[in-house]
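> Got a structure here, written out as structure tokens. Questions coming.
The values are calculated or read from the model by the stated rules, or taken from the named source; none is laboratory data. Computed from a predicted structure; not experimentally measured. With ideal geometry, Cβ positions are generated from the backbone for all residues, glycine too; neighbour counts draw on all protein chains shown. Just the protein is used for accessible areas: all its heavy atoms, side chains included, with ligands, DNA and RNA removed. Shrake-Rupley method; radii C 1.70, N 1.55, O 1.52, S 1.80 Å.
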Amino acid sequence: NWRTLFTLWRIGGLRQQEPLQLTWNCVNWEKKRLLVPSPKTSRYEGRENRIIPLFPELERELGQSFEECQVGEPYIVWENRRKNFDTGFKRILFWAGLSPWTKLFQNMRSTRENELIEQGYPPHVVGAWLGHTSKVQEKHYLRVLDTFFDKAVQESEKNEETRDTHCATRDT
């Protein structure tokens, strides 16, 4: 189940303990949506759950996980149901030749948040999918990425080429 857990954390943007709440009844294969019970925000009215898209990578992983689980198993994560995932996750990173980064789980969420915003989804929609407010989003998740600099330079170069072509055409 580690691959499923990692996909839920990294692609789904789930908090560390949220995958333990997921049952197969939370998956709406037809509408391609996943209902995520959210213990952290459940004390706020209307924020007991949230719905996220079944992103293609997430849908593939959950489909494969569904095929591998035992008949009648209600939980998506049926193995590794321990409360502290740090040790097992760090061991996997070690065997993969990777060094653990700081704030393992929050940084996966933050990376996903920034990817979705960069893909053009409005920040309030991404915040709703990941289960936090705009204020929390600004304070903890949004970052200035190198890709923003690269995109700005590429767009500037493209605009400069367009201007040069336009000016050259006007001059002739």
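> Restricting to region 33-47, name every residue that is open to solvent by 80 Å² or more (accessible area, probe 1.4 Å) and modelled with pLDDT under 95.
40, 43, 44, 45
Yes/no per residue for (1) open to solvent by 30 Å² or more (accessible area, probe 1.4 Å); (2) among the hydrophobic types (A, V, I, L, M, F, W, C); (3) at pLDDT below 90; (4) farther than 23 Å from residue 90 by Cβ:
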| residue | (1), (2), (3), (4) |
| --- | --- |
| 6 | yes, yes, no, no |
| 13 | no, no, no, no |
| 31 | yes, no, no, yes |
| 59 | yes, no, no, yes |
| 62 | no, yes, no, yes |
| 68 | yes, no, yes, yes |
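> Output the qualifying pairs, or none if there are none: Cβ atoms under 6 angstrom, residues six or more apart or on different chains, first residue in region 61-77 and of a type in the set (Asp, Glu), second residue modelled with pLDDT of 90 or more.
Correct list of pairs: 61/4; 61/7.
> Give region 128-160 a look and list any residue that's β-branched (Val, Ile, Thr), surrounded by 11 or more Cβ atoms within 10 Å (Cβ to Cβ) and modelled with pLDDT under 70, or say none.
133, 136
> Confirm whether residue 77 is assigned to a loop (DSSP other than H, G, I, E, B), at pLDDT below 90 and surrounded by 15 or more Cβ atoms within 10 Å (Cβ to Cβ).
Here the answer is yes, as residue 77 does meet what is asked.
> I've got another one for you. Looking at (1) at pLDDT below 70; (2) of a type in the set (A, V, I, L, M, F, W, C); (3) under 30 Å from residue 10 (Cβ atoms); (4) assigned to a helix (DSSP H, G or I), find the lone condition where residue 167 falls short.
Unmet condition: (3).
> Which of the residues spanning region 97-117 are open to solvent by less than 70 Å² (accessible area, probe 1.4 Å) and either over 23 Å from residue 17 (Cα atoms) or charged (D, E, K, R) (or both)?
Answer for region 97-117, where residues must be open to solvent by less than 70 Å² (accessible area, probe 1.4 Å) and either over 23 Å from residue 17 (Cα atoms) or charged (D, E, K, R) (or both): 97, 109, 112, 113, 115, 117.
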